[in-house]
Amino acid sequence: MPSDYRISPALSARILGALLALLGVAVVLLTLGVGLLDLPTAVLGVGIVVAVAVLLGGGLVLTRRATVVRLDDVGYRVRLVRGAGAPTARWADVEDVVAATVRGERCVVIRLRDGRTTTIPMRMLAADADTFVKDLQEHLNTGHGYRRLS
């Protein structure tokens with residue numbers, strides 16, 4: 001059974017804050033452009049509507065759709081993690097999973113048989129670290145042919 005782990009609320013808030021600041025600067029520049037270039041005010045109105053739509057769409061994507069880690073019967077996929085390493089792999093290619101601290105951040109490192117790794121910072125996930133690790137281990141065991149304990 002697949003497991004999806006979404007982006008943490010704290011990180012979503014930071015991203016939305018940056019997006020809001022960027023859109024605010026764009027609206028200010030558009031306002032200045034309308035004033036200085038004597039453009040119709042409808043241009044500003046359309047710009048504001050587009051900015052609000054982008055902000056709402058970004059919020060929806062981050063809070064409802066942005067999956068950072070997906071674990072399924074075949075393997076795993078990691079998205080939105082800069083510098084994660086190998087973004088996907090099959091369970092058969094996984095050598096082991098270890099806990100690590102990378103640059104002061106609690107992480108899970110998935111080591112592959114070919115020497116590559118995947119690093120997942122726990123602060124990025126909207127899940128308890130112990131729950132995530134337990135689920136990861138269950139998927140790994142199942143992927144290696146061991147039966148799940150019910």
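Using a 1.4 Å probe on the protein heavy atoms, what percent of the accessible area of the range 1-145 belongs to carbon and sulfur?
On the way: 5400 of 8790 Å².
Roughly 61 percent, rounded to a whole number.
Counting just the Cα atoms, what span does the chain cover along each of its three principal axes? Round to the nearest Å and put the largest first.
Reported extents, whole Å, longest axis first: 70, 31, 25.
Would you mind working out the accessible area per residue for the range 77-146, using a 1.4 Å probe, and quoting it in Å²?
59
Sort the range 40-89 into rounded, prolate or oblate with this rule: let a ≥ b ≥ c be the square roots of the eigenvalues of the Cα gyration tensor; rounded if a/c is under 1.5, and if a/c is not under 1.5, prolate when a/b is larger than b/c, oblate otherwise. Please list the in-between numbers first.
Values: a/c = 5.74, a/b = 3.26, b/c = 1.76.
It is prolate, given that a/c is not under 1.5 and a/b is the larger ratio.
ASN141 to VAL109: FRET efficiency via 1/(1 + (r/R0)^6), r the Cβ-Cβ distance, R0 22 Å, to the nearest 0.05?
Using R0 = 22 Å, I get an efficiency of 0.80.
The values are calculated or read from the model by the stated rules, or taken from the named source; none is laboratory data. Quick caveat: nothing in here was measured; it's all calculated off a predicted structure. Cβ coordinates were reconstructed from backbone atoms using ideal geometry, including for glycine residues, and neighbour counts include every protein chain displayed. Please note that ligands, DNA and RNA were not included when accessible areas were found on the heavy atoms of the full protein model with its side chains. Shrake-Rupley method; radii C 1.70, N 1.55, O 1.52, S 1.80 Å.
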